[in-house]
Amino acid sequence: MFKVTNTDKAPSAIGPYSQAISANGFLFASGQVALMPGTGEIDGTTIEQQAERVMQNIAAILADNGLGFEDVVKTTCFLADMGDFGAFNEVYGKYFTGKPARSCVAVKELPKKLLCEVEIIAVLK
């Protein structure tokens, strides 16, 4: 049995998927990008601005499940330009202070020409 997360405090899925699924003691969140909840508009033009919006969207999904960033055990980060790695890490480090396991890769392109995307796995309480 699993539970689907559907909060209006994070952007709706832009395809046939859920914001997150809870199953077997874990929360698996789909990749979050810099879209505004409610409008789906891009929030920010720099990697720092977009990364901040991504973290706010992740926070909303975590909160909807009674969790915080400290409950995250794994992240996967996608960057449109590895030249943004340092600036992205500055924002990322403010939120993921527990230093979960992480992969970070450059991709050819992200949806809507966004600069970053982050997916998470968290342990449910």
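Secondary structure note: in the range 20-125, about 75% of the DSSP beta bridges are antiparallel.
Take the chain, mark every one of the GluC sites (Glu not before Pro) that falls in a DSSP loop and has at most 14 other Cβ within 10 Å, then report the longest stretch left between them, sites excluded.
Numbers: sites that count: E41, E109.
Within the chain, the longest run free of exposed GluC sites (Glu not before Pro) spans 42-108.
Oblate is the label for the range 30-100, because a/c, from the alpha-carbon gyration tensor with a ≥ b ≥ c as root eigenvalues, is 1.5 or above and a/b does not exceed b/c. Over all pairs of different C-alpha atoms in the chain, the reciprocal of the mean inverse distance, the Kirkwood hydrodynamic radius, equals 14.4 Å. Dipole of the chain computed with +1 at Lys/Arg Cβ and -1 at Asp/Glu Cβ about the Cα centre; of L124, G98, N65, farthest Cα towards the positive end is L124. Here the Gaussian network model covers the chain, with springs between Cα atoms less than 10 Å apart; of M55, M82, M36, M82 fluctuates the most. Over the range 1-54, the ratio between the Cα radius of gyration and 2.2 N^0.38 Å evaluates to 1.24. The Cys residues in the chain with no partner Cys Cβ within less than 4.7 Å of their Cβ are C116. A Förster radius of 25 Å combined with the Cβ-Cβ distance from D81 to I14 puts the calculated FRET efficiency at roughly 0.70. Only Cα pairs under 8 Å and 6+ residues apart enter the sum, and on that basis the relative contact order of the chain stands at 31 percent.
Between the range 35-80 and the range 81-125, the alpha-carbon centres lie 9 Å apart. In nm, to one decimal, how far is the T45 label point from the V123 one, both placed 7 Å along Cα→Cβ? Placing both labels 7 Å beyond Cα along the Cβ direction yields 4.3 nm.
Largest GNM mean-square fluctuation across S103, S22, S30, computed for the chain with C-alpha springs under 10 Å, falls on S103.
Excluding same-chain neighbours fewer than eight residues apart, the lysines reachable from K113 by a Cα-Cα span under 27 Å are K9, K74, K94. Computed with a 1.4 Å probe over protein heavy atoms only, the accessible surface of the chain comes to 52 Å² per residue.
The values are calculated or read from the model by the stated rules, or taken from the named source; none is laboratory data. What you see is a predicted model; the values in this text were computed from it and never measured. Glycine also receives a Cβ, built like all others from the backbone with ideal geometry; neighbour counts cover every protein chain displayed. Protein only, heavy atoms only, side chains kept; ligands, DNA and RNA dropped before computing areas. Shrake-Rupley method; radii C 1.70, N 1.55, O 1.52, S 1.80 Å.
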